[in-house]
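Trainee: Pasting a structure here, questions to come.
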Amino acid sequence: MKQRSQVKFLVASMLMAMGLPAMAADDISTNTSRFDLSAVQENQTYNRFVVLYRDGSSERTRPDAAVQSINAAAVRANLLDQAGSGAQAVRGGRMVGVTYGRRLAIGGDVVKTSRRLNAAETRQFVQQLAADPAVEFVQPDYMRQAVDRPTIAPAGAAPFTVPNDQYYAGYQWDYLAAGGAGFIDNTLGTSVANWGGANIQQAWSLADGTGVVIASLDTGVTNHPDLDLTLANVGYDFITDHDVSGRSTDGRVSGGWDTGDWTTAGQCGLGQPAEASSWHGTHVFGTAGGEKTNNSTGMVGTAFGAKVLPVRVLGHCGGSDSDIADAITWASGGHVAGVPDNANPAKVISLSLGGSGTCPSNSVLGLAITGAIGRGAAVVVAAGNSNANVSNFSPASCSGVVAVAATGISSKRAFYSNYGNGITLSAPGGGVYRNDGSSGTQVTTGFIWSTINAGSTTPTTSTYGGMAGTSQATPHVAGAVALMQSYRLSLGKSLLTPAQVTTLLRSSATVFHVTPPTNRKIGTGILNAYAAVQAAGAQP
């Protein structure tokens, strides 16, 4: 789920000389429809903001006017270049400076402050920006993460290193029908009743995804002999900041390759531990359909006849809303300044990423997703792994998305999965523990198995591994949507609209074998790919 021209202005000398009046505390905007502070965390700091100006305002067309207006808000908020208070500013302290970043495809401007602001300063600054009548909407440029820093199945649960088709039968329970048939768990050495499969194998009797492009917006993809990497070089890396991309300079580059997302202790915030590279994008890429099938090698992918377009939006510490929004626009066929237009527009966008906060319709991600849906792309999003209500997570709560919760082999809600009325349906994400419990023994059937890399930082050896999360549930659904659309094409019918896709996914889902409690709803049922493809073909 990492560039811009630099024009820096010093606030105090420019704006104090203009005699701009300070805004009284009770003039701060309280109209929350014009700003979003829902994801601001007390232990985080912020230095990038996205401001959308109204049509007809000078700020909408002139970056210098936008910077001047933003600088004025910094003065009103009494933000010194070194943390301090307004009295110091009056005595001549230098104010926070603002660097203009770029114009987003949705029309907003990304700007960066000369120092990071704490939570209180961020709220003050955003509300002062929103008080400007020329501003339509403003938010911090939130960082999103892969919704699971994935749990990797322990050594011994995957007793193989060389890819071979035999591992489909031994590991990929999620592709079978949810009928209660026994599936041998290698860890337990016994059979487990499969009530959680997505019935993908049977769907292949109707379609394989041919003719459809799935865009996977994630950490990118690594070289792997069992992956169809046809579109890897024509994918794109949308990460603008060099600290996030890992490149030596700011700027986007062609190719959807994952160069690693490892972090050092404290790199992503005070107290945050070091993390090895996740290869999260390679795992979900394979599940969606990138993994070659019936090739006597490794495992299988859901829509293996489709083409998966890797788009890198997540790097070291995650990815910003502004980069993700531009990537959504580009992947669905929209124009993004400074980036060649996508010659392979996707009709399915898979987003196994997110973070806390709501998703107003005029927010950065809200606008980008609405645009993609308008271009005919179904947007499939991981619900999140916080065991909380999905309404408080973005982009899973954005209007029009297919929000996917995770279930295990028993059909129970995975203990970590978000829930709520905003969930569209569930799909196999892995329950991690025996009997899909919330603790205990980790088991082979507790994970979703797909392609990964063995490198701890940069890519090394290609291999396979198990991960669990709503991140893993999401590409199953994205692949199933590709199967639905591919079947339509084979019948000579027009593609379904995103709204039709959502309706059919809901109505065709398998009823839960273990009914979730009413206060932990996870959609209408578990993905039934075969039934969904059948239903797609039956539509006029």
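Trainee: To the nearest 0.05, what FRET efficiency results for Ser361 and Leu188 with a Förster distance of 35 Å applied to their C-beta separation?
Mentor: My answer for the efficiency is 0.15.
Trainee: OK, next. Between Gln500 and Arg375, how many nm apart are label points set 7 Å from Cα along the C-beta direction?
Mentor: Here the answer is 2.1 nm between the modelled labels.
Trainee: Another question about this same structure. In the structure displayed, which of Lys307/Lys493; Lys347/Lys493; Lys347/Lys412 lie more than 26 Å apart, Cα to Cα?
Mentor: Over 26 Å apart, Cα to Cα: Lys347/Lys412.
Trainee: Along Cα→Cβ, 7 Å out, is where each label goes; now give me the distance between the ones at Gln539 and Arg54 in nm to one decimal.
Mentor: Placing both labels 7 Å along Cα→Cβ, they lie 3.9 nm apart.
Trainee: Another question, then. Give the Kirkwood hydrodynamic radius (Å, one decimal) of the chain, defined as one over the mean of 1/r across all pairs of different Cα atoms.
Mentor: 23.5
Trainee: In addition: Classify the stretch 328-460 as rounded, prolate or oblate from the Cα gyration tensor: take a ≥ b ≥ c as the square roots of its eigenvalues, call it rounded if a/c is under 1.5, otherwise prolate when a/b beats b/c and oblate if not.
Mentor: oblate
Trainee: Let me ask something else. Would you kindly state how much longer the chain becomes between Ser399 and Thr45 on full extension, computed as 0.36 nm times their sequence separation minus their alpha carbon distance, in nm to one decimal?
Mentor: 124.7 nm
Trainee: Please report the net charge: other residues with Cβ closer than 13 Å to the Cβ of Tyr46, K and R +1, D and E -1.
Mentor: Result for the neighbourhood of Tyr46: 0.
Trainee: Let me ask something else about it. Which percent, to the nearest 5, of DSSP beta bridges fully inside the chain are antiparallel?
Mentor: 60
Trainee: While we're on this one: Using only DSSP helix segments of four residues or longer, with each worth -39500 (n - 2.57), what per-residue ellipticity at 222 nm results for the chain after dividing by its residue count and rounding to 500?
Mentor: -6500 deg cm²/dmol
Trainee: Determine, from the Cβ-Cβ distance of Leu270 and Arg94 and an R0 of 30 Å, the FRET efficiency 1/(1 + (r/R0)^6), rounded to the nearest 0.05.
Mentor: Calculated transfer efficiency: 0.70.
Trainee: Let me ask something else. Ser248 to Thr441: extension gain in nm, 0.36 nm per residue of separation minus the Cα-Cα distance?
Mentor: Additional length available on full extension: 65.2 nm.
Read-outs: derived from the displayed coordinates by stated rules, not from any lab. Treat the numbers as computed from the prediction; the structure is a model and nothing was measured. Ideal geometry is used to build each Cβ from the backbone, glycine not excepted, and the neighbour counts take in all protein chains shown.
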